[in-house]
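Colleague: Structure in structure tokens, see below.
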Amino acid sequence: MTSSQPPLTAAAVTAMRREVQVSLDGPSGLDDAGRVDLVRALEELVCTATAAQAAVAAELATSVEADHEALGLPAASRGQGVASMVAHARRESPHRGQRHLGLARIVQRELPHTWAAWRSGRVSEWRATLIARETACLSLEHRLGVDEALAADAGALEAMSDRQVVAAAQVEATRLDAAAQVARRRKAEAERRVSIRPAPDTMVWLTTLLPAGEGVATYAALAREADRARAQGDPRTRGQVMADALVQSVLDDVDSEPEEGSRSHRSLPVALGVVMSDAALFGGADDTAHLEGFGPIPAELAREIVCGALSADEQLSIRRLYASPESGELVAMDARTRTFRGNLARFIRLRDQVCRTPWCDAPIRHTDHVEPYEADGPTTAANGQGLCEACNHAKQSPRWRARPGPGGSVTTTTPTGHTRTSRPPPIATIRWRDAPALTIDYVLAG
């Protein structure tokens, strides 16, 4: 941008957005060819806009790092909290903000051809992410080489699918540095893991990231069990048999002795927590319950879980948690402590459910003082909040401030003066009465 051009500001972008909004108030008046051309032009505008976001985010990071350096912070701590500021501006989780910020800094410096295609609207942010991801293990020299091979011809890159881009990047990276690709594979194998996230209709996605050989072998074993069961007349679908076999293999202890010629299984201890109103548990009300580690579930399902635990002679305990009849938020409990330990920490986790930062939704890892303990912040439920690790570290950066508010709200002010306020989610959303909510803890143990 030359000095004769006016700077791009938020107000200027808002004016452009309003012009587009006005055009949506009525029919476009275009023929079908014109409509297709407009869709393409808008797509290129979106791509260019995300590139502009990246450029400004990178500038913000450089500025904050300079400020932190002037404050005397060690190099490892400089720039902490920038990703959270970017995430808040983009209305997304800090994890995604960190990915966006990392991409913004890398593409401009180390993938110049990809950056040129991105800023001109030829490729999307995701396409740039794929190229950056597939070249992350390479030296700068080799990364520049892959970038030139894939993106020097922006038209050819634009015509490729995501899968073709990934395959081409992998082939070129292996040609330039096969050893780096092997090291990358070893690192990926070390990051094998299992994760869980909610799915529609009170289901969950249980995902396992495994090395290719082990993953394919595991799937083949489940498929073989499904084929065997189906051949013997099992009425379940193939997918149902595979899912049931996976659950059985994990939850059952096959070391127990067979009983009367059949396998006998002893359940492994598994702790679950359900939060529900007493009316939903004992009176048949339809107040929505909360399953710890999952989220809202229907009262009927919560009662099934509790009744199933009772019928199986499993350990079960009930703890009273008090909720506001106006908002449904948990506000107190019948146990007190001076530290975020035991019941108090559990109360905060149950109340907040996930990280309190707007748009984050990450699991709670830290029970944090809203007003720092060093600044005489009390260790109470009102001054506590559940945060993920990244958000707690960001909050501890220079010039960040947070204060508790009414109704369990927390207002956080970033170094740029922007504020965000969060409230604990309601535990039940249908009919709250002037009665305590209950958290039912039980262990699945035979």
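Colleague: For the stretch 42-69, enumerate the residues that are aliphatic (A, V, I, L, M) and either within 24 Å of Gly81 (Cβ to Cβ) or more than 31 Å from the chain's Cα centre (by Cα) (or both).
Modeller: Quick first cut of the stretch 42-69, residues aliphatic (A, V, I, L, M) only: 42, 45-46, 49, 51-52, 54-58, 60-61, 64, 66.
Correct list: Ala51, Ala52, Ala54, Ala55, Val56, Ala57, Ala58, Leu60, Ala61, Val64, Ala66.
Colleague: While we're looking at this one, here's another question. Within the set of pairs 6 or more residues apart or between chains, which connect a residue that is at negative phi and free of Cβ contacts under 8 Å to residues at least 60 places away in the same chain inside the stretch 358-381 to a residue that is outside any loop (DSSP other than H, G, I, E, B) and acidic (Asp, Glu) with Cβ atoms less than 7 Å apart?
Modeller: Close Cβ pairs satisfying both conditions: Ile364/Asp352; Arg365/Glu389; His366/Glu389.
Colleague: Something else about it: State whether the residues of the stretch 91-100 include one that is without any contact (Cβ under 8 Å) to a residue 24 or more places away in the chain and either in contact with a Gly (Cβ under 9 Å, 6 or more places away or on another chain) or crowded, with 19+ Cβ neighbours inside 10 Å (or both). Before the answer, list the steps.
Modeller: First pass over the stretch 91-100, keeping only residues without any contact (Cβ under 8 Å) to a residue 24 or more places away in the chain: 96-97.
Among the residues that remain, those that are also either in contact with a Gly (Cβ under 9 Å, 6 or more places away or on another chain) or crowded, with 19+ Cβ neighbours inside 10 Å (or both) are: 97.
For the stretch 91-100, residues without any contact (Cβ under 8 Å) to a residue 24 or more places away in the chain and either in contact with a Gly (Cβ under 9 Å, 6 or more places away or on another chain) or crowded, with 19+ Cβ neighbours inside 10 Å (or both): present.
Colleague: Within the stretch 177-188, can one find any residue that is touching a His at 6+ places or on another chain (Cβ under 7 Å) and assigned by TED's automatic domain parsing to the domain that holds Leu111?
Modeller: yes
Colleague: Out of the residues in the stretch 101-132 meeting the condition of being of a type in the set (Ser, Thr, Tyr) and not in a helix (DSSP H, G or I), tell me which one is surrounded by the fewest Cβ atoms within 10 Å (Cβ to Cβ).
Modeller: We begin by selecting, within the stretch 101-132, every residue of a type in the set (Ser, Thr, Tyr); these are 114, 120, 124, 129.
Of the ones still in play, those that are also not in a helix (DSSP H, G or I) are 120, 124.
Numbers: Ser120: 14, Ser124: 19.
Per the criteria, the residue is Ser120.
Colleague: Restricting to the stretch 391-419, count the residues that are part of a helix (DSSP H, G or I), small (Gly, Ala, Ser) and modelled with pLDDT of 90 or more. First the steps, then the outcome.
Modeller: Initial filter on the stretch 391-419 (part of a helix (DSSP H, G or I)): 391-395, 406-408.
This time we only want the ones that are small (Gly, Ala, Ser), so: 394, 407-408.
Still in the list and also modelled with pLDDT of 90 or more: 394.
Of the residues in that region, 1 qualify.
Rundown of residues vs (1) under 30 Å from Asp147 (Cβ atoms); (2) in contact with a Cys (Cβ under 7 Å, 6 or more places away or on another chain); (3) part of a strand (DSSP E or B), yes/no style:
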site	(1), (2), (3)
Glu172	yes, no, no
Ser195	no, no, yes
Ala217	no, no, no
Ala220	no, no, no
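Colleague: Could you check Gly72 against (1) over 21 Å from Cys360 (Cα atoms); (2) in contact with a Gly (Cβ under 7 Å, 6 or more places away or on another chain) and say which number it fails?
Modeller: Only one criterion in (1) over 21 Å from Cys360 (Cα atoms); (2) in contact with a Gly (Cβ under 7 Å, 6 or more places away or on another chain) is unmet by Gly72, namely (2).
Colleague: Oh, and also: Report yes if some residue within the stretch 26-33 is free of Cβ contacts under 8 Å to residues at least 12 places away in the same chain, surrounded by 13 or more Cβ atoms within 10 Å (Cβ to Cβ), in the same structural domain as Val82 (by TED's automatic domain parsing) and assigned to a helix (DSSP H, G or I); otherwise report no. Write out each step before concluding.
Modeller: The initial filter retains those residues of the stretch 26-33 that are free of Cβ contacts under 8 Å to residues at least 12 places away in the same chain, namely 26-33.
Okay, now just the ones that are also surrounded by 13 or more Cβ atoms within 10 Å (Cβ to Cβ), so none.
No, the stretch 26-33 contains no residue that is free of Cβ contacts under 8 Å to residues at least 12 places away in the same chain, surrounded by 13 or more Cβ atoms within 10 Å (Cβ to Cβ), in the same structural domain as Val82 (by TED's automatic domain parsing) and assigned to a helix (DSSP H, G or I).
The values are calculated or read from the model by the stated rules, or taken from the named source; none is laboratory data. It should be emphasised that the depicted structure is a prediction, and the values quoted were computed from it without experimental measurement. As a convention, Cβ positions derive from the backbone with ideal geometry for all residues, glycine included, and neighbour counts pool all protein chains shown.
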